[in-house]
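Step one of this worksheet: look at the structure below.
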Amino acid sequence: MDWVRLVQFFSSPRFVVSALVVVTVLCYAGTFRNEFVDFDDDRYVTHNEVVQQGLTLEGIVYAFTTVHTGNWIPLTWLSLQLDVSLFGLNPAGFHGMNLFFHVVNVLLLYQLVRSIGGSLGQGFLVAALFAVHPLHVESVAWMSERKDVISTAFLLWACLAYVRYTRSPSPQRYVGVMLPLALGLMAKPMLVTLPVLLLLADFWPLNRCRELAGTNTDSTKTRFPFWKLCLEKVPLLLVVVAISAVTIFAQKTDLAMVNTDIHPIPARVANAVCSSVWYLSKTFWPVELCVFYPLDYGVIDWPNTIWSAIVLCAVTAGVLSQWRARPYLLFGWGWFLISLLPVIGLVQVGGQAHADRFSYVPHLGLFFAIVWWGTEVVDRLKLSSQVKWSLAGVPLLFCGILTVQQVAIWRDSVTLWTHADRVQTENWKARFHLGQHELRNRNWSAARALAEQSIQIRPGNTDAWGLVGKTYVQEQRWEEAQQAFEYALSMDHWHRDSLIGLAAVAYGKNRPRDAEQFLLLTLEKTPRDSFARTQLGLLYAETGRLEGALEQLLIVTQQAPRNPTAWKVTGQLLAKSDRFDEAIASLNQAIQRQPDDLESFALLERIHRMRGECDLAEQCLEQMARLKRPTGMIQQTSASVIAR
């Protein structure tokens, strides 16, 4: 009897759900050790002053009004602000929240399979494949792709609500579909194809379309004309059109869209064909994955394009030939192709040919087709349950091992980009980011060499030209730096790093007025740029305009209250103005945000000593001693305007 109960437990929904959660968490446990990376994480969190304040009224307004990063994604912004309120700037908290949403998606997918009549085993396999497939690591392990996992949760919610609506249609249940669709679009515009995908679901598994009824359908089920099902989706389509218009505006504002003069329509179509087959092939053999696959603008790889077109036509023909006997194949293949349309490159946004994260939604339908077809084949072979689950376990184990390895690649920026440079030859973006790492390590020549390699691969890479200029600034080679920055600005008149870089050059040439103008130009474009405003404040201080300097730095402390440098420099300037109480308060704020900063303690100790507060000064000295650093000299805060 105990064995019977054990078998019943292992075949129960409760065990399946528990197993899905455990497997998913185990595969992604490594994300808790991962850091933020230097690929968009700065724009979303680490250099985003509004997000760093946590969930505030200002942050809520920002979330619904900003088109920063080229998207209108208020729910994603709100979730990141909530993370800061809960976890501070600890990357483990952010990664944990991404994983939480991925687990939610896995469970919603399992529930969706069960709601359409799928068996317990089919539900487990579809959800497990989705949970552990390596192509999905980018969506989960990359903090900036929070928008992927959130929007997909709303997509699956909308699908479940639609299944419920079709069983007993009512206006209230229809609104129950529209709401998650709208919310999902507010997290990421990937859901624009959902009305068409629901129309595809009317064919299979819902069997609502009169003209497309298959041979294996329930004859008692109510069906509708195709035109009526299309009309039913119009309100959903209106929601999509409205939010799509905002998205297009946002992407144009961020200059993310690539002009057809640079990447013509024929090249886009060719890349779309090749990328579709790339996603399909990586579904079955997900190796050699990386964060960035460069697009060769305007170039058509004819052999690959022709081969890919043949594969697409062959698969499509095979699926269409089986649409009555095996409608799930048409559903899965159709979902895969349709949901890829927004990210396939026909509207080119960014410099990638394809990306792992773009498979997150398309795989939902494809896994339905794979599991249903596999179930049919195995049932025909009349294999034992043990053999069936062994066959299913092999691909799951294979994917799980690869996923664990792929999660480790996202450990930090250097690991991420070194891997990308190895996997994808001529990877201009990888060379640029590795050059940024060398710059942070003060290896000027190595940083410049990597930037020049990036430029050689892609001459129009303004960021790489900016990096070249920064290395020359560090070596005080002002003329060469100026040439690099001016060349970058000839391609992008508002290139932020080059404007700040020219300010550095002007200051180095003893032209503070010119440096001021370049910094003001930067702030005209990005008023919340705390680095540029801090440099402007330092410039004012260096030229004797203490009130102007304090005005700029106090703005920084309001806009970026987590910035310890702003508080420290503000304290220093307040002390120079004999405003000692305010100076002490500012330096304490700096220490609160950076407890191991020797310079802040040294400045604070000096102020207390000047005021005769010997006990407080001694406490500062004791704290400095605990830091185990030299205390003989106070490092002067540099007023040099050095581009970050």
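Of the residues T65, T69, the single one that is over 21 Å from L366 (Cβ atoms), more than 17 Å from the chain's Cα centre (by Cα) and among the β-branched types (V, I, T) is T65.
Looking at G117, is it surrounded by fewer than 23 Cβ atoms within 10 Å (Cβ to Cβ) and of a type in the set (G, A, S)? Spell out how you get there, then give the answer.
Details: surrounded by fewer than 23 Cβ atoms within 10 Å (Cβ to Cβ): yes; of a type in the set (G, A, S): yes.
Answer is yes for this residue.
I'd like to check something: does the range 422-429 contain any residue that is surrounded by fewer than 16 Cβ atoms within 10 Å (Cβ to Cβ), out of contact with any His (no Cβ under 8 Å at 6 or more places or on another chain) and modelled with pLDDT under 95? Explain how you work it out, then say what you get.
Step one: list which residues in the range 422-429 are surrounded by fewer than 16 Cβ atoms within 10 Å (Cβ to Cβ), which gives 422, 425-426.
Imposing the further condition that a residue be out of contact with any His (no Cβ under 8 Å at 6 or more places or on another chain) reduces the set to 422, 425-426.
The next check asks that each one be modelled with pLDDT under 95; those that pass are 425-426.
Yes, the conditions are met somewhere in the range 422-429.
Every test in (1) part of a helix (DSSP H, G or I); (2) closer than 19 Å to L434 by Cβ is passed by E486 save one, and that test is (2). Annotation note: Cβ proximity below 9 Å between a residue of the range 359-371 that is within 18 Å of E138 (Cα to Cα) and a residue that is outside any helix (DSSP H, G or I) (sequence gap 6+ or interchain) occurs for S359/H133; H363/H133.
Taking the range 229-322 as the region of interest, the helices (runs of 4 or more DSSP H) fully inside it that hold 3 or more residues being under 30 Å from L206 (Cβ atoms) and touching a residue at least 60 places away in the same chain (Cβ under 8 Å) are 234-253, 265-284. Taking the criterion of being surrounded by 20 or more Cβ atoms within 10 Å (Cβ to Cβ) and modelled with pLDDT of 95 or more, would at least one residue in the range 244-261 satisfy it? Within the range 244-261, none of the residues are surrounded by 20 or more Cβ atoms within 10 Å (Cβ to Cβ) and modelled with pLDDT of 95 or more.
Comparison of T316, T247 shows that the only residue that is under 30 Å from L212 (Cα atoms) and either in the same structural domain as M178 (by TED's automatic domain parsing) or of a type in the set (S, T, N, Q) (or both) is T316. Could you list all residues from the range 390-421 that are in contact (Cβ under 8 Å) with a residue 40 or more places away in the chain and charged (D, E, K, R)? Once the filter is applied, which keeps residues that are in contact (Cβ under 8 Å) with a residue 40 or more places away in the chain and charged (D, E, K, R), the range 390-421 yields R411, D412. Evaluated against (1) touching a residue at least 60 places away in the same chain (Cβ under 8 Å); (2) part of a loop (DSSP other than H, G, I, E, B), L341 falls short on exactly one condition, (2).
Cβ separations smaller than 8 Å between residues 6+ apart or across chains give the following pairs from the range 65-90 residues that are in a helix (DSSP H, G or I) to residues that are surrounded by fewer than 21 Cβ atoms within 10 Å (Cβ to Cβ) and among the hydroxyl-bearing types (S, T, Y): G70/T253; W77/T66; Q81/T56. So, in the range 454-483, of the ones that are within 30 Å of Y293 (Cβ to Cβ) and assigned to a loop (DSSP other than H, G, I, E, B), which residue ends up modelled with the lowest pLDDT? Per the stated criteria, the residue is G460.
Given the residues F292, F284, which is the only one that is aromatic (F, W, Y), touching a strand residue (DSSP E or B) at 6+ places or on another chain (Cβ under 8 Å) and at pLDDT 95 or above?
Working: F284 fails: touching a strand residue (DSSP E or B) at 6+ places or on another chain (Cβ under 8 Å).
Exactly one of F292, F284 is aromatic (F, W, Y), touching a strand residue (DSSP E or B) at 6+ places or on another chain (Cβ under 8 Å) and at pLDDT 95 or above, namely F292.
Every condition in (1) out of contact with any Pro (no Cβ under 9 Å at 6 or more places or on another chain); (2) within 28 Å of C620 (Cβ to Cβ); (3) of a type in the set (F, W, Y) holds for W567 except the one numbered (1). Every condition in (1) touching a Lys or Arg at 6+ places or on another chain (Cβ under 8 Å); (2) of a type in the set (D, E, K, R); (3) outside any helix (DSSP H, G or I) holds for E599 except the one numbered (3).
Each residue in the range 294-334 was checked for being more than 30 Å from Q424 (Cα to Cα), polar (S, T, N, Q) and touching a helix residue (DSSP H, G or I) at 6+ places or on another chain (Cβ under 8 Å), and 1 of them qualify.
Can you tell me which condition Y279 does not meet? The list is (1) in contact with a helix residue (DSSP H, G or I) (Cβ under 9 Å, 6 or more places away or on another chain); (2) at pLDDT below 95; (3) closer than 30 Å to L329 by Cβ, and all the others hold. Of the numbered conditions (1) in contact with a helix residue (DSSP H, G or I) (Cβ under 9 Å, 6 or more places away or on another chain); (2) at pLDDT below 95; (3) closer than 30 Å to L329 by Cβ, the odd one out for Y279 is (2).
The values are calculated or read from the model by the stated rules, or taken from the named source; none is laboratory data. The structure displayed is predicted, hence computed values, not measured ones. So basically every Cβ, Gly included, is an ideal-geometry build from the backbone, and we count neighbours across all protein chains shown.
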